[in-house]
Amino acid sequence: MVTYKLDDIKKKDLQDRKPIRVIVGGKPIMLVMIDDRPYAISAVCSHRGGPLEKGMIESMAVKCPWHGALFDLKTGKALPTTPWGKEQGTYRVTIDNNTGDVLIDV
Ligand code: FES
């Protein structure tokens with residue numbers, strides 16, 4: 001596992017419940033802040049490849065914009081109500097509150 005510091009994104013660039021896609025270590029990752037805590041999950045839906053960064057945040061889950069699978073942002077697991085989704089990869093993401101740097105372990 002390698003820790004990457006995002007070059008173009010700082011904490012101030014992340015709006016609450018507004019996901020974005022970043023490429024980290026060659027992997028597309030959806031990054032989102034919820035109540036001042038960051039979460040990172042694979043951006044490519046495990047069902048048929050939908051772009052999760054274009055999905056809605058519902059409580060602590062992201063809803064795929066293509067067929068509605070809901071994924072828990074902490075575990076990456078599909079919620080029982082949408083079993084067609086398979087578990088997504090999740091990544092540890094931290095923020096340096098002094099510099100605003102965003103760090104992701106991939
Ligand atoms: S591609 Fe995401 S639910 Fe189908």
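FYI, it's all coordinate maths here, none of it is from the lab. These numbers were taken from a predicted model, which means no experiment stands behind them. Glycine gets a Cβ as well: all are built from the backbone with ideal geometry, and neighbour counts include every protein chain shown.
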In the range 1-19, which residues are assigned to a strand (DSSP E or B) and farther than 12 Å from Val93 by Cβ?
Asp7, Asp8, Lys10, Asp16
Enumeration of residues in the range 77-94 that are more than 14 Å from the chain's Cα centre (by Cα) and either in contact (Cβ under 8 Å) with a residue 40 or more places away in the chain or closer than 14 Å to Leu14 by Cα (or both):
Gly85, Lys86
Just to be sure, is Ala78 within 16 Å of the ligand (Cβ to nearest atom) and buried (at least 20 other Cβ atoms within 10 Å of the Cβ)?
yes
Scan the range 26-63 for residues that are closer than 27 Å to Met1 by Cα, outside any strand (DSSP E or B) and either near the ligand (Cβ under 9 Å from one of its atoms) or among the polar types (S, T, N, Q) (or both) and report the count.
7
Under 17 Å from Gly85 (Cβ atoms), surrounded by 20 or more Cβ atoms within 10 Å (Cβ to Cβ) and out of contact with any helix residue (DSSP H, G or I) (no Cβ under 6 Å at 6 or more places or on another chain): does that describe Ala69?
yes
